[in-house]
1. In segment 608-617, what residues are over 15 Å from residue 649 (Cβ atoms) and either open to solvent by 10 Å² or more (accessible area, probe 1.4 Å) or not in a helix (DSSP H, G or I) (or both)?
2. Examine segment 610-626 for a residue that is more than 20 Å from residue 575 (Cβ to Cβ) and touching a Ser or Thr at 6+ places or on another chain (Cβ under 9 Å), and state whether such a residue exists.
3. More than 25 Å from the chain's Cα centre (by Cα), assigned to a helix (DSSP H, G or I), at pLDDT below 95 and not polar (S, T, N, Q): does that describe residue 336?
4. Which condition number does residue 597 fail, the rest of (1) modelled with pLDDT of 95 or more; (2) more than 30 Å from residue 532 (Cα to Cα) being met?
5. When you check residue 466 against the structure, is it free of Cβ contacts under 8 Å to residues at least 24 places away in the same chain, among the hydrophobic types (A, V, I, L, M, F, W, C) and either open to solvent by less than 40 Å² (accessible area, probe 1.4 Å) or under 30 Å from residue 310 (Cβ atoms) (or both), yes or no?
6. So residue 241 ticks every box in (1) open to solvent by less than 10 Å² (accessible area, probe 1.4 Å); (2) at pLDDT 95 or above but one. Which box is left unticked?
7. Consider only pairs whose beta carbons are under 6 Å apart and that are at least six residues apart or on different chains; among these, list those whose first residue lies in segment 264-288 and is on the phi < 0 side of the Ramachandran plot and surrounded by 14 or more Cβ atoms within 10 Å (Cβ to Cβ) and whose second residue is of a type outside the set (A, V, I, L, M, F, W, C) and not in a helix (DSSP H, G or I).
8. Do we have any residue at all in segment 183-198 that's closer than 25 Å to residue 302 by Cα and either acidic (Asp, Glu) or under 31 Å from the mean Cα position of the chain (by Cα) (or both)?
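The values are calculated or read from the model by the stated rules, or taken from the named source; none is laboratory data. Since the structure is predicted, the reported quantities are computational estimates derived from the model, not experimental observations. Cβ atoms come from the backbone with ideal geometry, glycine included; neighbour counts cover every protein chain shown. Surface areas here come from the heavy atoms of the whole protein model, side chains and all, with no ligands, DNA or RNA. Shrake-Rupley method; radii C 1.70, N 1.55, O 1.52, S 1.80 Å.
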Amino acid sequence: MTDQAVGGGHLPPEAAEASATTAPGPRAAAPRQDGAAARPASPATAVAPSTGGFAGRRRELKALHADIARAGLDTLSGRKGARSRVLLIAGRPGSGRTALAEELLRELADDHPDGVLRATLTGPGGEPADISRTARELLAALGVGAPAGAPEDELTERLREALAGRRALLFLDDAPGADQVEPLLPDAPDCLVVVVSQGPLTGIRDVRPCALGGLDSAAGVAILARYAGPTRITVDPRTADSVVEECGGQPAALVLAGAWLAARPMSSVADLRQALHAVPLPPDLPTGARPLFRAFRLAHDALPPPAARILRLITLAPGGLVDAHIASALAGCSVATAVTTLGEFVALGLLRPAAAEDDEVPGARAPDAALYPPYRLPGCLHPLARDLLTDHERPAEVQLARARMLERTVRLLQSCRAMGEPADSPARKKTAGLPRSLRFGSREAAAHWLHSRRGALLDAARIAVADGELDTLDRRLMAALTRTLLAHQGAEAAAPDLYALHGLVLRVAERRGLPRERAAALLNLGDLDGQAGRTEQALTRYRGALEAARSVKDPVATGRALESLGGTYTELGDWQRAADWYGRALELRLARGESGDAARLHGRIGSALAHTGRWSEALKAWRAAVGTYRRLGEVAGQARATGEVARVQEYAGWPEDALRTCLEALDIARRAGDGRLEAALQLRIADTLDRLGDPAAAGLHRAVGERLLGDHSG
């Protein structure tokens with residue numbers, strides 16, 4: 001898994017020299033009397049030591065550059081390669097493979113002006129990332145949209161098209177195998193793909209892995225000195241070398257060991273070696289996994305019990321993203337305690353800041369929930385912490401922690417949504433009663449929080465649904481997230497995320513036997529399928545929604561499903577079926593006395609019948625619409641429907657009748673004050689008079705129509 005944050009060979013320039021006199025960087029605070037790390041003065045802004053330089057791996061970097069320069073198989077055969085070259089950095093988690101990749105990308109950046117695209121192909125729990133979601137995120141980074149619910153093949157094809165002709169770097173981190181990499185490879189020979197994986201990418205041609213072992217002794221000692229300072233390293237260089245050997249030369253293990261030593265200024269390097277060696281090992285643990293296991297257990301066991309519990313519980317954080325709110329909800333502690341503890345974890349190499357723009361904000365003093373900085377547990381540490389969670393926490397406690405986290409997330413979403421509404425709205429006023437840490441200071445701050453947490457929020461919904469025991473909370477979470485996305489992004493921009501959320505709602509509804517929710521989810525999915533041009537799929541959704549709505553006698557959902565079926569058949573040009581479904585919807589509206597909706601459906605039936613050439617029936621439907629609008633006193637609707645009667649008469653070949661009806665519609669439009677409709681009717685009257693052989697009158701009406709159109713063009 002991703003391990004950049006835990007060393008990876010990155011060091012400041014002075015440490016990169018691996019000199020025994022290297023100046024120390026920022027240290028963790030001294031230990032408290034209880035043995036736990038002392039609290040930094042400003043824990044919310046505590047960050048891992050600077051990674052301005054790079055220690056070791058020069059041989060591997062040279063080999064990677066040589067691999068770029070060498071001729072590929074296509075070039076050797078006389079053809080220019082059609083696809084991007086792929087570089088593979090292979091190594092076990094904790095070996096610094098991600099840090100090496102980042103250093104390579106930095107050195108290659110000037111040759112690739114279209115920038116670096118990044119994606120992690122394994123989730124924090126070790127599951128392969130969804131290819132469709134990855135492709136959509138990469139497209140978003142390129143500023144390219146894709147229809148909601150688009151299948152994987154369409155998304156990956158759009159990605160290839162978007163990268164064609166570009167000179168970009170594509171970094172695919174923590175790839176579980178070739179099956180996750182191959183669909184994302186661009187057909188762009190000027191792009192370069194850098195992949196980090198634990199093993200080979202069998203099936204992708206012309207790829208030679210750069211396999212990572214441990215760092216050499218000098219680079220490993222430099223990492224220890226970077227964290228613990230050079231003094232103790234200088235006075236006992238041989239023991240420092242043996243610590244590097246004990247850590248297997250793995251940067252992740254060395255960072256944790258160095259941070260442990262930094263937190264104990266009275267301990268020696270020999271104490272560190274002894275402590276590492278004393279960590280008991282599971283009998284079946286592979287040799288290569290032992291150094292990181294020992295270093296992590298050493299760091300974990302040195303924490304006070306409340307902090308150790310927080311470390312274990314943050315493995316439950318959705319999307320691997322944790323902030324003070326998530327940590328406090330999971331552990332049931334105060335936000336202030338969570339802020340301090342997360343800061344300590346960063347100083348100890350157990351967490352890394354997830355977003356540089358948030359690191360500068362002092363979260364402990366922030367009046368805004370959006371300003372608590374997010375962190376990530378390095379991927380190589382996640383399975384180790386998750387194993388400890390299983391060992392130490394009972395399933396009921398884990399379930400309760402998840403429930404607290406989801407409840408906190410729902411409250412934050414409600415607060416975030418409120419900031420997207422007018423200042424005097426009831427929702428905005430309601431947020432005034434929330435705790436200060438749950439309130440957003442501005443709409444911009446709320447939008448920033450939503451944007452930065454979007455992936456984690458979607459993951460929270462997926463995790464809750466997969467859990468199966470929190471369906472009340474996950475339904476509230478999905479409803480709150482849907483409303484918040486709509487409030488801040490609008491329906492069009494939020495459509496891809498809404499499609500995923502409606503799919504989750506459908507899953508819960510089917511699992512729990514909730515026909516009303518099932519109908520609503522199918523209707524929403526059908527609408528999005530229809531907007532994306534997947535009309536056959538939309539029809540299937542609407543039929544399922546109709547069945548579910550009828551099973552519980554839900555007239556609102558039934559009427560919407562009937563109309564949606566009519567609208568979809570209209571899109572398909574199947575006018576007879578469209579008229580039939582609209583007719584069924586009309587019967588329901590009439591039975592419920594919903595005259596306004598009935599008038600609208602009369603018109604839709606009339607339009608559908610007119611397309612089939614059934615003029616008399618179409619006129620009957622439109623006249624019924626006119627009569628209904630008249631009874632309702634909706635003069636504008638009456639005018640539009642009367643104009644449509646004239647249009648049908650014209651199509652039927654009755655120009656004199658059409659002219660009389662158009663003049664009647666014009667009079668009604670004037671009474672309604674609808675200038676645009678009046679202009680359109682004047683122009684239609686002119687066209688009809690031309691066909692009747694009266695060009696003079698036609699000219700007068702056309703001039704009036706064009707003038708009105710100009711007056712109402714805005």
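1. If the condition is that a residue be over 15 Å from residue 649 (Cβ atoms) and either open to solvent by 10 Å² or more (accessible area, probe 1.4 Å) or not in a helix (DSSP H, G or I) (or both), then 611, 612 are the ones that fit.
2. Of all residues in segment 610-626, those more than 20 Å from residue 575 (Cβ to Cβ) come to 626.
Those still in the list that are touching a Ser or Thr at 6+ places or on another chain (Cβ under 9 Å) too: 626.
There is at least one residue in segment 610-626 that is more than 20 Å from residue 575 (Cβ to Cβ) and touching a Ser or Thr at 6+ places or on another chain (Cβ under 9 Å).
3. On the way: more than 25 Å from the chain's Cα centre (by Cα): yes; assigned to a helix (DSSP H, G or I): yes; at pLDDT below 95: yes; not polar (S, T, N, Q): yes.
So residue 336 passes the test.
4. Residue 597 satisfies every listed condition except (2).
5. The answer is yes for residue 466.
6. Going through (1) open to solvent by less than 10 Å² (accessible area, probe 1.4 Å); (2) at pLDDT 95 or above one by one, residue 241 breaks only (1).
7. Here the result reads 264/31; 269/236; 288/92, each pair linking segment 264-288 to a residue that is of a type outside the set (A, V, I, L, M, F, W, C) and not in a helix (DSSP H, G or I).
8. Keep residues of segment 183-198 that are closer than 25 Å to residue 302 by Cα, which gives none.
Checking segment 183-198: not a single residue is closer than 25 Å to residue 302 by Cα and either acidic (Asp, Glu) or under 31 Å from the mean Cα position of the chain (by Cα) (or both).
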